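Asks: My structure is below; once you've seen it, I'll send some questions.
The values are calculated or read from the model by the stated rules, or taken from the named source; none is laboratory data. What you are looking at is a predicted structure, and each value in this text was computed from that prediction instead of being measured. Every residue, glycine among them, receives a Cβ derived from its backbone with ideal geometry; neighbour counts consider all protein chains shown. Just so you know, the surface numbers come from the protein's heavy atoms only, side chains and all, with ligands and any DNA or RNA stripped out. Shrake-Rupley method; radii C 1.70, N 1.55, O 1.52, S 1.80 Å.
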Amino acid sequence: MVSPLVALTPKVQSAIAAALGDDYREADPVLRPSQFADVQVNAALALAKKVGAPPRDVAGKIVDALELDGIADQVEVSGPGFINITFSDAWLATLLAEIDADERLGVPVEERQNIPIDYSAPNVAKEMHVGHLRTTIVGDSLARTLEHLGHNVIRQNHIGDWGTPFGMLIEHLLEVGENSPEAELLVTDPNAFYQAARVKFDTAERAEPDGSAGDFDIRSRARVVKLQAGDPETLEHWHRLVGMSKAYFNKVYSTLGVTLGDENLAGESTYNHLLADICDELEAKGIATISDGALCVFLDRYTGREGKPVPLIIRKRDGGYGYPTTDLATIKYRVSELEAHRVLYVIGAPQALHLNMVWDTARLAGWLPEHVTPVHIQIGNVLGEDRKILKTRSGSSLRLMALLDEAVVKARALIDETRPDLSEEERATIARQVGIGAVKYADLSVAHNSEYVFDLDRMVSLTGNTGPYLQYVVARVRSIFRQAGLDPLAQHAPIVLGTEHERALGQQLLGFADVVTEVGSLYEPHRLSGYLFELAQAFSAFYENCPVLKAETDELRQSRLTLSALVLRTMTTGLDLLGVESPERM
C-alpha cells in the first residue's frame, strides 16, 4: 500500500532515465502540488542545464517516456517545462480500498529498533510549571508514534531526585512529620513544601553564633553526606519524599493524558553508583584531566571568549558530581544496557551545547558507537501575550496544573453554551477532553523548536487550526453514523470519486501513512497536526457539498459513508498519536 506520490516517484525516475540516460536515474523528480492538476513534476527545470536543452524539450521527452496506464487520465507539459499529471479516479479509488481494508490505514511496520526517549523530567518536591508542558507533550507524541511504527520505545523520565537540596528537604520532612498537613503539600503544592524548607535553611545559615536560629543548615548538610553514602535510614526517608512527589507527578500526567508512569522513572539517582567509575575511566583514558582542582574534559571544537577551551566539568573541586557526569552515565547505560539504536532527548534548546559536549565525550570514550544516533529534539519557549516567557503576574513560573484547570474551565463554558441539552456528566467529560486537547494540540501544531504565544481563547475555539475544531469534525462523523444507525467500523462499501470534493478528500486520506512515517524519522509532530487539520478541512468541504445520508443513489450513499468512516478512523488514529482524545459528541 502506497500513496499516489510514493507510487509515482519511481515511475517518473524511470522515465527520466529513459529520456536522458541512466546517469539520471536517481534524479529528484521534484513532485509538487499543482492548482492545475493532482501533481506537478518540476524535474525538467532542474535538469535542463545539465543536459543542455530547453526545459520544455526535456519535459516533453520525459512525458514521452512516462508509463502511467491506469494511473493517470491526463499528462501535459505547461509553462516553461512543468509536467502536470491528473490521476485516474478509478486508480485513486483502488488505493482507498486498500487502506480501507488495512487496519493500520497503510502505515508500515518498520524494522524494530530500541529507542529510549528522555522527556518531561520534573524535579522532586517542585511544582511542574509551563516549561515542562512542551517536553512532556512532544515527547509523549513521539513515543506514541514510534511505537505505532513498530519500535520498542523506552520512556525515560529523567526526574531530578538527587543532590544537595535533598538534605534540606529530608530534614524538613522529618521536622514536620511524614503524616502532617505540611508533608501533604508534596502532593498538592510541592513548591510550598520546598520554599518552607528553603526558608529554614537560609534562616539557619544567617543565624547568630549562639545558634538562636537553630542548626537546620548543619543537619541538612550532614544529611546530604549520609544520603550520598547510602545510609539506610536516610535512604528510607528519601524514598518517602520521592514517593509523595510521584503521586503529584502522576496526578499531572493523568490530567494531561500522557503515557508516563512510575515504571518510566529513570531519575538522576539511578546513575549515582556509576559516577565514580565514569570519572575514573575518563581519567585513565586521558580524556579527562585535573584543572584548577576539578576533573574536566576539554574538547577541541568547544571554545569560549578569546578562543579559550570550554571545560566539561565531570567532578567538582569538592568531589561532587554535576549534570555532565550523570548525563555521561545516562548515555553509556542507554547504549550498553538498553541496547539503543537511537536515543532521543526532548529538552530545551539552550541545552544543545551541553548535550553535544556530553555526546562527543562519550564517543571518545567508546561508549557511544557510530551506529547509535543521539538526537536533541529542541524545545522552544511558551510565551505570554507580551511575547515574553509565560509567567504569573508576580513573575514566577506558571503552575502547569493551574494552566490545565483554566483550559478545562474555558472549554466548559463553551460546551455549556453550545450543548445545554447534554447531561452534567457528559458536559464535564467533554470539557476535560476539549480543554486538555486544546492545550496539547496548540503546542503540537507548531514546530517543537519554535516559540508560540499561549492564548486559551484561541485554543478552545471551534474554528481555525485548533484541537476543538478537529475534535468537532470527529464528533460530526460519529453523528452521521448515529443518525444512520450504522457502525462506522463495519462500513466498507466501494468508493466512487465523482466530485472534486470527493477526490480532494480521497487524496488527503491517502497521505496519512507518509505523514506518520515522516514524524517517526524527522521527530516533528507538527507535521501530523498540519495533516489532520487539512483532512478536517477537506471533510468539511465534502460534508457541505456532498450529501451523505441524502445522496442521490444508494451506491453513492454507501460510497460517501465509507469515505466518512475512513475519515473517522484516520482522525481518531492521528489524534491518538498526538495524545488528543476524540469526544463522542460535541
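Asks: Can you classify region 196-287 as rounded, prolate or oblate using the Cα gyration tensor, where a ≥ b ≥ c are the square roots of its eigenvalues, rounded means a/c under 1.5, and otherwise it's prolate if a/b beats b/c and oblate if not?
Replies: Note, shape of region 196-287 comes out oblate.
Asks: Quick one: net charge of L92's neighbours, Cβ under 12 Å, K/R +1, D/E -1?
Replies: -4
Asks: Let me ask something else. For the chain, take the longest principal axis of its alpha carbons; what is the angle in degrees between that and the long axis of helix 216-228, to the nearest 10 within 0 to 90?
Replies: Between helix and principal axis, roughly 60 degrees.
Asks: Do you know the relative contact order of the chain, to the nearest whole percent, from alpha carbon pairs under 8 angstrom that are 6+ apart?
Replies: Relative contact order, the chain: 15 percent.
Asks: Next question. Show me the three semi-axes of the equivalent ellipsoid for region 70-219, from the C-alpha gyration tensor (sqrt of 5 times each eigenvalue), largest first, rounded to whole Å.
Replies: 62, 18, 13
Asks: Using helices alone, what [θ] at 222 nm do you get for the chain, with -39,500 (n - 2.57) per DSSP H run of 4 or more residues, divided over all residues and rounded to the nearest 500?
Replies: That comes out to -17000 deg cm²/dmol.
Asks: Subtracting the Cα-Cα distance from 0.36 nm times the residue separation, let me have the gained length for D189 to V109 in nm, one decimal.
Replies: Gain in length upon complete extension: 24.5 nm.
Asks: Still on this structure, please answer the following. Which residues' amide hydrogens lie under 5 Å from the amide hydrogen of A340, considering only partners 5 or more residues apart or on another chain, with H built in the peptide plane?
Replies: V335
Asks: Let me see the P(r) profile for the chain: every Cα-Cα distance counted, bins of 20 Å, each bin given as a percent of all pairs.
Replies: It works out to 17, 42, 30, 10, 1, in whole percents.
Asks: For the chain, find the longest principal axis of its Cα atoms and tell me its angle to the long axis of helix 275-284, 0 to 90°, nearest 10.
Replies: Its long axis makes an angle of about 80 degrees.
Asks: Hey, what do the phi angles of region 293-303 turn into as Karplus ³J(HN,Hα) couplings, whole Hz, using 6.51/-1.76/1.60 and θ = phi - 60°, x for Gly and Pro?
Replies: Rounded to whole hertz, the list is x, 9, 8, 10, 10, 10, 10, 4, 7, 10, 10.
Asks: Calculate one ³J(HN,Hα) per residue across region 480-486 by plugging θ = phi - 60° into the Karplus curve 6.51 cos²θ - 1.76 cosθ + 1.60, and present them in order as whole Hz with x for glycine and proline.
Replies: Result, ordered by residue: 4, 6, 5, 4, 7, x, 10 Hz.
Asks: Output needed for region 100-189: three equivalent-ellipsoid semi-axes, defined as square roots of 5 times the C-alpha gyration tensor eigenvalues, in descending order, whole Å.
Replies: Here the semi-axes work out to 40, 14, 11 Å.
Asks: Round to the nearest 10 and give me the degree value, 0 to 90, for the angle of helix 4-20's Cα axis relative to the longest principal axis of the chain.
Replies: Rounded to the nearest ten degrees, it is 70.
Asks: State, to one decimal in nm, how far the label point of A222 lies from the label point of A276, with both points 7 Å from Cα in the Cβ direction.
Replies: 2.3 nm
Asks: Report the local net charge at A475: Lys and Arg +1, Asp and Glu -1, summed over other residues whose C-beta lies under 11 Å from its C-beta.
Replies: Charge balance in the 11 Å sphere: +4.
Asks: Beyond a 27 Å Cα-Cα separation, which of these cross-linked pairs lie in this structure: K226/K246; K200/K226; K200/K440; K126/K388?
Replies: Table pairs above 27 Å Cα-Cα are K200/K440.
Asks: Accessible area, 1.4 Å probe, largest first: how do I287, I159, I313 sort?
Replies: Sorted descending by solvent-accessible area, the residues read I313, I287, I159.
Asks: Å³ per residue of the Cα convex hull, for region 237-383?
Replies: Hull volume normalised by residue count: 158 Å³.
Asks: Follow-up question, since we're still on this one. List the lysines whose alpha-carbon lies under 18 Å from that of K11, not counting same-chain residues fewer than 8 positions away?
Replies: K61
Asks: Let me ask something else about it. Take the alpha carbon atoms of region 92-169, find their center, do the same for region 490-520, and report the distance between the two centers in whole angstrom.
Replies: Taking the Cα centre of each part, region 92-169 and region 490-520 sit 27 Å apart.
Asks: Compute the length gained on full extension between N356 and K285: take 0.36 nm times their separation in residues and subtract their Cα-Cα distance, giving the result in nm to one decimal.
Replies: Length gained between N356 and K285: 23.6 nm.
Asks: Please give me the summed charge of the neighbours of K332: other residues whose Cβ is under 10 Å from its Cβ, Lys and Arg +1, Asp and Glu -1.
Replies: -3
Asks: OK, next. In nm, what is the difference between 0.36 nm times the number of residues separating Q74 and D416 and their Cα-Cα distance?
Replies: Working it through step by step, the gained length comes to 118.0 nm.
Asks: Taking Cα atoms of region 458-586, Rg/Rh with Kirkwood Rh, to two decimals?
Replies: Expressed as Rg/Rh, it is 0.96.
Asks: Of all beta bridges DSSP finds with both residues in the chain, what is the antiparallel percent, to the nearest 5?
Replies: 55 percent
Asks: Can you find, among S34, V187, N157, the residue farthest towards the positive end of the dipole of the chain? Put +1 on the C-beta of Lys and Arg, -1 on that of Asp and Glu.
Replies: S34
Asks: Residue by residue, what Karplus-based ³J(HN,Hα) values in Hz, rounded to whole numbers, does region 107-116 have, using 6.51, -1.76 and 1.60 with θ = phi - 60° and x for Gly and Pro?
Replies: Values, residue by residue: 6, x, 9, 7, 4, 5, 10, 8, 10, x Hz.
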